[in-house]
Every structure is written in structure tokens, then in C-alpha cells.
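The structure appears right after this line, and notes come after that.
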Amino acid sequence: MKQNNYQGALQQPTGSGFNAKSTAADVIKGINLRGKIAIVTGGNTGIGLETTKTLAKAGATVIIPARDVEKAKRNLEGISQVEIEPMDLMDPASIDAFAQKFLESGRPLHLLINNAGIMWVPLRYDSRGIESQLSTNYLAQFQITARLWPALKQANGARVINVSSQGHQFGSFNFNDPNFQHREYETLQAYGQSKTASNLFALELDNRAKAFNVRAYSLHPGSIAGTELGREAPLELFVKMGFVDEQGNMLPEVLASLKTIPQGAATTVWCAITPLLNSIGGVYCEDADVAPLASDNELSAGIKRYSLDEADAKRLWKWSEEISGISFSMS
């Protein structure tokens, strides 16, 4: 029996019965989360907000760490069983403060959904000199998971879910120059690297954490209309990628391929609640099922093999501990 997903050993669809058109409400039907506690980063906008609504409606208490607390209050108004706390993913001290406050509450953590992310941003760095997409999309995931580890263990049946992207196919992790100090910055390559890191982290975390009844997953939510992900992107970039015409109008074939926000949140929610993953971890999912392995030579559905490489996963864990100053021990 295969015990981990290194090199994609477990990376095959389960036959979940869901598909690209399934919504978060579809996949959670019949599930009762009363008494469960979830943390959803970025849980007040886009697919994160839909994830929050879905989990709360099923009975979970959902905690939303937010950089802009007032905006989060407005967006979450009327949703019961939601708590809002300040946290900035680019500020390591604020992540520590958020995690410490949660640990002091003495509560277990059943679901940690690392949903928040940025994309299409110009070159900028956090206070440690980490490129911003790598800092926000990956290193913050590593830090918050490490800091909340005691609460995840306490749950005796927790899941960590990293919202990644098909965009991981834009780039593997460059261990020689992860922060673009010696190579030209390309925003999509940086995004791809950050999402590959997120996949490798879920892979390695699951292998280390499963002995404590904690499982980890990464996922592609789909290409989704109506999120804030492209708010900093110049029009020329979308034209170059073939998304819009010169006037900024989305091309009909692109529009037809996009998911709605409820469809975009479906895979996150499926990873959080499905019993089909009770004995499977470290896998990458899409369309509310485990994804296939992707083609080696082109952009395609599924996950690239370099995102499931055992040696890179272990190397990234060590790099993350060194760069963050966090010793992430399971004991």
C-alpha cells in the first residue's frame, strides 16, 4: 500500500461524482460541521468568502484573519459563527500574534484553509527580502501552519488545505535564486514558483503530519470570474495572455471557460469535508476530485511532476525553516 504521494504515487481521481460545474453547496450537502473550528485566510473576499459562508452554514465556527478588518466586517456582515482577527500575510510578526491568540483560546483547529494569495504584481519584497508572491502565497502558509500546529494536533482529525493553482505550471521552485536577485523578474514565473512551493509543502506536510491525524492537500480552484486577484495587473498582460482584446473586453471563449465563485470554492470545500480523502493525503485536487498528473510538455489539467518531487519537498522544508527562522517540528 502506498503511504505517501511522492512522485505522484497517489495522484489519481477518486470518482467523486463531482465536476467543474459543481458548487460548494453541492459538495457539502448532507455534511454537519457543528462543533468544528476552521480558519480561512482571505475568507472575506472571492472564493474565500464563499468558503466561509459554506462552512458556517454547515455549522462550523470560522475565523477570518484579515489585513483590512473593517472591509472584512462589511463583507462578512450577516454571516453567523464568524470571528474576524487582524493579520497581514506579508508581516511575520502579525502572523505570530494571530496564531498565539488562537492558541491561547485553548481550542482545537479542525480546518486550516490557506486560501489567501496574490498574483500579477510588480516586483516587491517583504521586510526579510522575500519576493512578495513567494512570501504571501507560500511562506505565510508555512509559518501559520507551523505556529498553529499544536491546535491542529489537538483536533485529532485536522486537515490543512492550500489553495494553489494550475499556475504552478508557470514555474518550478528555483532554489538558486528564489527571490529574483540574479535573474529578470517575470510576474507569472514568480507566481508559478510560489504555487509549486505550496504544492510541495502540502506533500511534505502530509507525510510528516499523518502520524498525528493531520492530513494536507493542495488544489486548483479553477479560473474564476469576479475575484480580486487581478486588481494590480496591467491591461497589456491580459492582452498578451489572450484573455482580453485591446479595449479590455474579455474574449467570449475565455468568458465561457470561467467558473462562478460558488464553483470556484467547491474544490476547497470538498478537500475539507470529503470522506474519500480520509486515508489519502498530500494530493493535489481540482474540480472536486483528485487531479491527474499533467502533461510534462505543456499547460494542461492536473499537476506537474516537479510539484510532487520528494527531494524538492524535503529541500523546500529545510529552506523554509532557514529563511523564516522557524523550526517546524512535529513533536
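Each value in this text was obtained by applying a stated rule to the coordinates, not by laboratory testing. No experiment lies behind these values; they were computed from the predicted model shown. Heads up, the Cβs are rebuilt from the backbone with ideal geometry, glycines too, and the neighbour counts pull from every protein chain shown.
Here are some notes:
- Between residue 116 and 41, 42, the built amide H atoms are under 5 Å apart, and every one of these is 5 or more places off in sequence or on another chain.
- Using the Cβ-Cβ distance between residue 80 and residue 14 with R0 set to 45 Å, the FRET efficiency works out to roughly 0.90.
- Remark: the range 118-134, residue by residue, has Karplus-estimated 3J(HN,Hα) of 10, 7, 6, 9, x, 5, 8, 10, 7, 5, 9, x, 8, 3, 5, 5, 5 Hz, where x stands for each Gly or Pro and the curve is 6.51 cos²θ - 1.76 cosθ + 1.60 at θ = phi - 60°.
- Note on residue 260 and residue 71: the model spin-label points, each 7 Å out from Cα along the C-beta direction, lie 2.5 nm apart.
- Evaluating 6.51 cos²θ - 1.76 cosθ + 1.60 at θ = phi - 60° for every residue in the range 6-22, the Karplus couplings come out as 4, 6, x, 4, 10, 7, 8, x, 8, x, 5, x, 9, 8, 4, 8, 5 Hz, glycine and proline recorded as x.
- Estimated FRET transfer efficiency (residue 3, residue 32; beta-carbon r; R0 45 Å; 0.05): 0.90
- CD proxy at 222 nm, helix term only [per DSSP H run n ≥ 4: -39500 (n - 2.57); per residue of the chain; nearest 500]: -10000 deg cm²/dmol
- Here is the list for the range 34-87: trypsin sites (Lys or Arg not before Pro) lying in DSSP coil, each with at most 11 other C-beta atoms within 10 angstrom of its C-beta, are 34.
- Electrostatic dipole magnitude of the chain [Cβ: Lys, Arg +1; Asp, Glu -1; Cα centre; debye, to 20]: 1240 debye
- Label-point gap, in nm, between residue 213 and residue 127 - each point 7 angstrom along Cα→Cβ: 3.8 nm
- Inter-label distance, nm, simple model (7 Å from Cα along the C-beta direction), residue 330/residue 93: 3.4 nm
- Considering only 123, 165, 99, the residue lying farthest towards the positive end of the dipole of the chain is 99, judged by Cα position with unit charges set on Cβ.
- Remark: the residue 21-residue 104 segment gains 25.8 nm on full extension, using 0.36 nm per residue and subtracting the alpha carbon distance.
- Bridge type composition, the chain - antiparallel percent by DSSP, nearest 5: 15 percent
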